[in-house]
Amino acid sequence: MNRLQKTLLVSTALLLLLGGCAKETTATKEEEANKQAAAKEQVKKEQKEKENQPVLNKTGVKTLKDPSSITALVNKHNKFPDKYTPNDLVYPDVPFVFGSEKVERSMLRKEAAQHLETMFAEAEKENIHLSGVSAFRSYETQIAIFDGYVQQDGKAALTYSALPGTSEHQSGLAIDISNAAGEFAAEQGFETTAEGKWLAANSYKYGYILRFPDGKEAITGYEYESWHFRYIGVDLAKKVFDSNLTYEEYADKHPEGILQ
């Protein structure tokens, strides 16, 4: 091999080596750029998730002075004392969609339970077969439920689920109701069933009101729930029903006797 051939061979080897280095450098730069882009996306994602979290410590929220009051107005502005639990919870003698097991969500306060039993019995006489879905809910249970909804829907959870401490279910005076078959249990559409229509027209006779009416979301703070009923006493329930107002609106107009 002459000198020229050797020179060409060495040059070729150097070019190949440099080319390989160049490719490696380019690949390294691309990899680094991809890592930086991924890191930026992660930061954006975390920031978005943080911004989408509900504000748990809202201003203007009052603690109820007498959370045991039958007329207590519980909402996003009036909350229970920390970890409040009613002291007169019982198991109403009515069917529930999940069976006869005695669990937390099948409890109500004694007075509300007695009137619920009467309502279910009277409905049965009219061939309306009702079943409970969910009644009492402890503060701890509401934390777990609300957190789950937040993970799923972020701030949107506030339109249909209560912050812990502000749920009517914690009062032991509220219950979600369905029919015997469990159709539309705590779901939109219950209002189209015979049971949903009967409850909307008759529940007040037994001390219960439809708590979150259709078209009143801006006032109650929650989506329409045709299945959610709240016990406030027979006399007051009739007044609220006849007024065609939400409980919030009625309380503003007639504050006497309603704990806020």
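Looking at this model, which pairs from Lys110/Lys155; Lys83/Lys239; Lys65/Lys205; Lys102/Lys239; Lys62/Lys155; Lys79/Lys197 are more than 24 angstrom apart at the alpha-carbon?
Checking Cα-Cα distances, Lys110/Lys155; Lys83/Lys239; Lys65/Lys205; Lys102/Lys239; Lys79/Lys197 exceed 24 Å.
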Notebook entry, point to check: With each pseudo-label sitting 7 Å past Cα toward Cβ, what's the Thr118-Val103 distance in nm, one decimal?
Noted result: 3.0
Notebook entry, point to check: What are the residues whose amide H is under 5 Å from the amide H of Ile70, where those residues sit 5 or more places off or on another chain and H is modelled from the backbone?
Noted result: none
Next item on the list: Quick one: accessible surface of Val133, probe radius 1.4 Å, all protein chains present, in square angstrom to the nearest 10.
Entry: 20
Item checked: Extension gain (nm, one decimal) between Asn244 and His77, 0.36 nm per residue minus Cα-Cα -> 57.9 nm
Next item on the list: Take the alpha carbon gyration tensor of region 137-260, find the square roots of its eigenvalues, order them as a ≥ b ≥ c, and report rounded if a/c is under 1.5; if not, report prolate when a/b exceeds b/c, else oblate.
Entry: oblate
Margin query: Can you tell me which aspartates and glutamates have their Cα less than 15 Å from the Cα of Lys253? Leave out same-chain residues fewer than eight positions away.
Written below: Asp242
Next item on the list: Would you mind getting me the FRET efficiency between Tyr139 and Asp93? Use the beta-carbon distance for r and R0 = 35 Å, nearest 0.05.
Entry: 0.85
Check: Say each of Ala194 and Lys62 gets a label point 7 Å from the Cα, pointing the same way as Cα to Cβ; how far apart are those two points in nm?
Finding: 4.5
Note to self: Per residue, how large is the accessible surface of region 142-260? Use a 1.4 angstrom probe and give square angstrom.
What the structure shows: 42
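Would you rank Glu31, Glu168 by solvent-accessible area, highest first, keeping every protein chain in place and using a 1.4 Å probe? It would help to have the intermediate numbers written out before the result.
Working: Glu31 105, Glu168 5 Å².
Sorted descending by solvent-accessible area, the residues read Glu31, Glu168.
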Next item on the list: Under 1.5 on a/c is rounded, so check that first for region 172-223, then, if it is not, pick prolate when a/b is larger than b/c and oblate when it is not; a ≥ b ≥ c are the square roots of the alpha carbon gyration tensor eigenvalues.
Entry: oblate
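The values are calculated or read from the model by the stated rules, or taken from the named source; none is laboratory data. Keep in mind it's a predicted model, so treat the numbers as computed, not measured. In this analysis, Cβ positions are derived from the backbone assuming ideal geometry, glycine residues included, and neighbour counts consider all displayed protein chains. For the accessible areas, the whole protein counts, side chains as well, though only heavy atoms, and no ligand, DNA or RNA atoms are used. Shrake-Rupley method; radii C 1.70, N 1.55, O 1.52, S 1.80 Å.
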